[in-house]
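Student: To start, I am sharing the structure in question, which I have written as structure tokens.
The values are calculated or read from the model by the stated rules, or taken from the named source; none is laboratory data. Here the structure is a predicted model, which is why all the values come from computation and not from measurement. Cβ: placed from backbone, ideal geometry, glycine included. Neighbour counts: every protein chain shown. These accessible areas exclude ligands, DNA and RNA; they are computed on the full protein's heavy atoms, side chains included. Shrake-Rupley method; radii C 1.70, N 1.55, O 1.52, S 1.80 Å.
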Amino acid sequence: MKHIFGLFALTILIQQTLAQTPIDLDATRETKSLLLNLHHIAKEGFMFGHQDDLAYGVKWKAEKKRSDVKETVGTYPAVIGWDLGSRMDLDANLDDVRFQNMKRWIKQSYRMGSITTISWHLDNLSTGGNSWDKTPSVSDLLPGGSKHEEFKQQLNLVAAWLDQLRVGWFKRIPVIFRPWHEHNGDWFWWGKGNCSEEEYIELYRFTVDYLKNEKDIHHLLYAFSPDRSRWKMDSLAKSTYFYGYPGDEYVDIIGLDNYGDVGRIGGSDSPELQRKYFIESLELITEIARERGKVAALSETGLEGVTNEKWFTDVLLDPILANDIAIAWVLVWRNANTTHHYAPYPSHPSVADFIKFEEHEKTFFERDMNNPYKSGKALK
Ligand code: BMA
């Protein structure tokens, strides 16, 4: 009997170790190390991430070495998010970040030990509208569809651009790619109601297979990131997470976008209930990631305008620390202007609290990172 348990434990251990390798079996050494490090980081605390951090902030744009986060707490974020929408054949993305500059900033991030994650607000290729144009399009993009070649053209451009993310001649910079996010909501053309679940899964799988197998891109980890606002927080929440899940062989990161439980005004839930659901949603992705040997992450969150001065410690940090939650990072959205921003900037009322947040030993910023691309060396 004892032997059977021993064997059982050993099998689980082997399974877990195997599972900690990227879904891309040909992933570069640095990409493999990054995934192992993400597992490690999630046990130690979590990294702070910010969308478009190096590109612009409140009242500035494309100025060397600037960052609202750095100018507030003295260090850059450990994770920096970017977006490849609306189309890769343009010079700049949907928020006017030039792709050429983005490449430079990603190289800068790599050198300073920060991590890059990329989402993709691709236009609706069927209509020429943007991501929020709900006209059904996914079936057009899939093999046999009228826009399939055009879609492949966009993927070719994405692949070529990703391939240029190098240091030196050969070394590609690992990237956490997060395509087709918030698909369980109905606001994007790839969202629920605008395509079937099967079509969504096929879209996700096609994207991964094409980049990996046809374009030979091997420096990506793939993140899946449904939106919390469309879950029912009851016993069904877990199965709801898997709506559109392309399978363990297609996903490295069990992500979650959650803006609704972190103090948004106008929602129907009280602050207490939001806190409860926030905790439960993060416990849920922690559990799912553990069961599958994956890494969990709060792939998008934030309170627009940071209208609660204590948001970073009270709403974000405390619930994460006080519960059984293991996430590798949290990423807040972009700092566009004085009303649409999710990180503080100098003179903002939440600065003192953000400094406390940064100083906490469980939160990691660029200053806490050593080399996340080298196994066992992620943190200082
Ligand atoms: C939304 C807003 C938009 C932006 C889009 C993509 O949440 O910030 O202004 O264009 O994300 O970044």
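Student: Between A159, A223, A343, find the one with the highest GNM mean-square fluctuation for the chain; connect C-alpha pairs within less than 10 Å.
Tutor: Looking only at A159, A223, A343, the largest GNM fluctuation is found for A159.
Student: Cβ under 13 Å from Q100's Cβ, Q100 left aside: what net charge do those residues give with Lys, Arg +1 and Asp, Glu -1?
Tutor: Numbers: positive: R98, K103, R104, K107; negative: D91, D96.
Residues near Q100 contribute +2 overall.
Student: Report Rg(Cα)/(2.2 N^0.38 Å) for region 12-114, keeping two decimals.
Tutor: 1.29
Student: List the aspartates and glutamates whose alpha-carbon lies under 14 Å from that of K377, not counting same-chain residues fewer than 8 positions away?
Tutor: Leaving aside aspartates and glutamates fewer than 8 places away in the same chain, those within reach of K377 are E30, E44, E366, D368.
Student: Hey, how many Å between the Cα centroid of region 128-186 and the Cα centroid of region 35-60?
Tutor: Their Cα centres are 22 Å away from one another.
Student: At 1.4 Å probe size, with no ligands or nucleic acids counted, give the accessible surface of K238 in Å², nearest ten.
Tutor: 60
Student: Starting from region 299-364, pick out the GluC sites (Glu not before Pro) whose DSSP state is loop and whose Cβ has at most 12 other Cβ atoms within 10 Å.
Tutor: Filter output for region 299-364: E361.
Student: At 1.4 Å probe size, with the rest of the protein present, what percent of the exposed accessible area of region 2-368 is carbon and sulfur atoms? Mind dumping the intermediate values first?
Tutor: Numbers: 7810 of 15160 Å².
Carbon-and-sulfur percentage of accessible area, whole number: 52.
Student: Here's a follow-up. For the pairs K215/K380; K43/K70; K64/K192; K147/K192, flag any whose C-alpha to C-alpha distance is greater than 31 Å.
Tutor: In this structure, K215/K380; K64/K192 exceed 31 Å between Cα atoms.
Student: Along the charge dipole of the chain, Cβ charges K/R +1 and D/E -1, which of L273, L34, Y345 sits furthest on the positive end?
Tutor: About the Cα centre, the residue reaching furthest to the positive side is L34.
Student: Can I ask one more? Within the chain, which whole H helices from DSSP have a Cα span along their axis of at least 15 Å and a mean Kyte-Doolittle hydropathy of 0.0 or more, if any?
Tutor: Long hydrophobic helices here: 2-19.
Student: Then there's this: Over the C-alpha atoms of region 2-368, what are the Rg and the largest Cα-to-Cα span, Dmax, in Å?
Tutor: Using the Cα atoms of region 2-368, the pair Rg, Dmax is 19.8, 66 Å.
Student: Suppose all protein chains stay in the model; what accessible area per residue would a 1.4 Å probe give for region 2-368, in Å²? Please report the intermediate quantities before stating the final value.
Tutor: Values: 15160 Å² over 367 residues.
Ligands and nucleic acids excluded, the figure is 41 Å² per residue.
Student: For the chain, what is the calculated [θ] at 222 nm in deg cm²/dmol (nearest 500), taking -39500 (n - 2.57) for each run of four or more DSSP H residues and dividing by its residue count?
Tutor: Calculated at 222 nm, the ellipticity per residue is -10000 deg cm²/dmol.
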